[in-house]
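Student: The structure that follows is given in the form of C-alpha cells.
Nothing in this text is a laboratory measurement; each read-out follows from the coordinates by a stated rule. All values derive from a computational prediction rather than experimental measurement. Because the Cβ atoms are built from the backbone with ideal geometry, glycine has one as well, and the counts that use them run over all protein chains shown.
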Amino acid sequence: MKVEIFTLCDAATVDAASKLNILGSFDRLSAREAPVTHPQCALAIKLRFERVEEGQKRIRIAFVNPDGVSVMPTIDAATEVRFRGNDSTATVSLALGIQQLKLPRFDEYSIDLAVDDRHEASIPLFVVPLQQ
C-alpha cells in the first residue's frame, strides 16, 4: 500500500468515477488568539493498493497535539479495495469533512493515518499567532 495523497484542505469530494477533488490544501492556520476554531475543512486521502491487498481495509485518523493527546474524536472508516479487470493496482479515495475544528493552543499538531492498525503517514498542522 502506498499513500499517494494525504492533505488537509478547505474542501474535498469524491465523484461517481472515484475522482478525488481537492480545494485549498494547507498546513498552517494563523489566528489572533487561542483557542482557534476552524469552521470547516476536510481531509483528502488517496491510497494505492497492490493486487495481493484486495479486500476490506480499516482506516483510522487521529488528530493529536505534540503530547499525543487527541484534539478531536478519532475518525474510523472502512473501505473495500476492488480491482477492475487485469489492473495491477487499485486506488481508494476518501474525502472526510471536519466541522468546527477546535485547537486549544498555538502549537504543531499531527494528523496521523493508519490502515489496518499500521501507521502509514502523518502530516503537520502549524497553528501560529497572526503576524501583524
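Student: Considering the stretch 2-126, what Rg and Dmax in Å follow from its alpha-carbon atoms?
Tutor: 15.5, 54
Student: Dipole of the chain, Cα-centred, from +1 at each Lys and Arg C-beta and -1 at each Asp and Glu C-beta, to the nearest 20 debye? Let's see the in-between values first.
Tutor: Numbers: 15 positive and 18 negative charges, 45 e Å.
That gives the chain a dipole magnitude of about 220 debye.
Student: Would you kindly state the longest site-free stretch of the chain, with sites defined as GluC sites (Glu not before Pro) in a DSSP loop (not H, G, I, E, B) surrounded by at most 16 other Cβ atoms within 10 Å?
Tutor: Values: sites that count: GLU33, GLU54.
It runs 55-132.
Student: Now for a different question. Among the DSSP beta bridges whose two residues both lie in the chain, what percent are antiparallel, rounded to the nearest 5? Don't skip to the end; give the middle numbers.
Tutor: Details: 49 of 53 bridges.
DSSP beta bridges in the chain are roughly 90 percent antiparallel.
Student: In addition: With a cut-off of 8 Å between alpha carbons and a minimum separation of six or more residues, what is the relative contact order of the chain in percent? Don't skip to the end; give the middle numbers.
Tutor: Values: 324 pairs, mean separation 41.8, N = 132.
Relative contact order of the chain: 32 percent.
Student: Where in the stretch 105-127 does the amide nitrogen come within less than 12 Å of the point 7 Å from the Cα of ASP76, taken along Cα to Cβ?
Tutor: Under cut-off, by backbone N: 117.
Student: Explain nothing, just compute: Karplus ³J(HN,Hα) = 6.51 cos²θ - 1.76 cosθ + 1.60, θ = phi - 60°, for every residue of the stretch 100-115 in order, whole Hz, x for Gly and Pro.
Tutor: Calculated HN-Hα couplings, in order: 6, 5, 10, 10, x, 8, 5, 5, 9, 9, 10, 10, 10, 10, 10, 10 Hz.
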